[in-house]
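As structure tokens, the structure follows; a few thoughts come after it.
The values are calculated or read from the model by the stated rules, or taken from the named source; none is laboratory data. Since we're looking at a predicted model, the values are computed, not measured. Positions of Cβ are backbone-derived with ideal geometry, glycine not excepted, and every protein chain shown enters the neighbour counts. For accessibility, only protein heavy atoms count, side chains too; no ligands or nucleic acids. Shrake-Rupley method; radii C 1.70, N 1.55, O 1.52, S 1.80 Å.
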Amino acid sequence: MYTSDRPVILLGCGRLGSALLEGWLATGTLAAERLIVLTPSNKTAAEAARERGARINPPEAVLAEAASLILAVKPGVWREASGPIAAALAEDVTIVSLMAGVGAHSLSSVFGKRPVVRVMPTTAVAQGRGVAAVWSNHDNARAAAHALFDPVADTVDLTDEGLIDAATAVAGSAPAFIHAYVEALARAGQAAGLDAEAASRLARGALRSAGAGAETGAPLSDLIARIASPGGTTEAGLKAQAEAGLDATAMAAVQAAVARAKALGN
Ligand SMILES: NC(=O)C1=CN([C@@H]2O[C@H](COP(=O)(O)OP(=O)(O)OC[C@H]3O[C@@H](n4cnc5c(N)ncnc54)[C@H](OP(=O)(O)O)[C@@H]3O)[C@@H](O)[C@H]2O)C=CC1
Ligand SMILES: O=C(O)[C@@H]1CCC=N1
């Protein structure tokens, strides 16, 4: 729970910014009156927050009240988006960057000595069921990030900023990798004779079932063992999947995402 009386600025209200707004308001992490949203265009989530008391694009002087600035803009535009507001911020404001690739050193080149924390969440923060990697050199900044993200995500502290790129691949991007796998499963189901709708519903249901299993907290190896009857269909499928290069596929996806994060930061 975020307990500071001072507001939080959300810079950028796109897919991730909107998901965060929804999650914070749904979980009561933050009273809407404490939220300031800076967005160039109208967004449904921002309008819903405005109706509950959030300030959308207020006069610049208001920004000095904030305790935290959340950067939820694209890595390619953060400098032009931050430049005009940096001077208006309090000297002690915590910079909470959700951006892939952009390092603390670059952030400090714009925000000076203000403490920086990097957080890499998934969009399931909207449902209060995300996961988020957290890295900072500053204890207070890390604590501020935990106050904002613990209510909407399983937060995983990283000891080294260099690990954020790996976390971006394995958390931020990975839900899309998994959705793509489920789509491939549905296509394979169609190839095995199911019609498109049945294949899609069955594959999505399998994803939901896997998620429900994962949410019990049981080790994934136990969950696999519970489904795979000795000598049965699952064992046969798992063996074929491994032989077809499942590990290599995951490795390729993670390595490509890590490389892209590094390129985005340059
Ligand atoms: N989507 C995801 O799952 C995740 C994303 N991230 C990170 O979050 C960040 C945002 O990604 P995502 O939400 O997907 O991107 P989006 O493009 O959906 O959102 C970015 C938003 O930034 C807004 N914006 C652009 N310029 C400004 C400005 N000057 N001031 C304020 N807002 C501005 C855009 O406004 P407009 O719509 O009006 O153009 C847009 O809505 C990225 O850095 C990404 O690395 C991290 C983890 C997961
Ligand atoms: O695709 C991206 O670059 C962002 C970062 C992690 C998820 N979405």
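The residue list 180, 144, 171, 167 contains one member that is in a helix (DSSP H, G or I), at pLDDT below 95 and not aromatic (Phe, Trp, Tyr), which is 171. For residue 126, state whether it is at pLDDT below 95 and either buried (at least 19 other Cβ atoms within 10 Å of the Cβ) or in contact with a Leu (Cβ under 8 Å, 6 or more places away or on another chain) (or both). Here the answer is no, as residue 126 does not meet what is asked.
Test of understanding: among 66, 61, which residue is free of Cβ contacts under 8 Å to residues at least 40 places away in the same chain and among the small types (Gly, Ala, Ser)? Criteria check complete, one pass: 61.
Applying the set (1) open to solvent by less than 20 Å² (accessible area, probe 1.4 Å); (2) under 20 Å from residue 5 (Cα atoms); (3) at pLDDT 95 or above to residue 30 leaves exactly one unmet item: (3).
Hand me the list of strands (runs of 3 or more DSSP E) wholly inside the range 1-113 holding 3 or more residues that are under 27 Å from residue 260 (Cβ atoms) and within 13 Å of ligand 1 (Cβ to nearest atom). Hits in the range 1-113: 68-71. Filtered by the rule that a residue be more than 11 Å from the chain's Cα centre (by Cα) and among the β-branched types (Val, Ile, Thr), the range 90-129 gives 93, 94, 95, 96, 102, 110, 116, 117. For residue 218, the stated conditions hold: it is more than 15 Å from ligand 2 (Cβ to nearest atom) and either open to solvent by 90 Å² or more (accessible area, probe 1.4 Å) or not assigned by TED's automatic domain parsing to the domain that holds residue 123 (or both). Run down 186, 167 and say which single residue is hydrophobic (A, V, I, L, M, F, W, C), free of Cβ contacts under 8 Å to residues at least 60 places away in the same chain, under 25 Å from residue 15 (Cβ atoms) and touching a Ser or Thr at 6+ places or on another chain (Cβ under 9 Å). None of the others qualify; the one that does is 186. Taken over the range 215-266, the criterion of being within 16 Å of ligand 1 (Cβ to nearest atom) and part of a loop (DSSP other than H, G, I, E, B) is satisfied by 266 alone.
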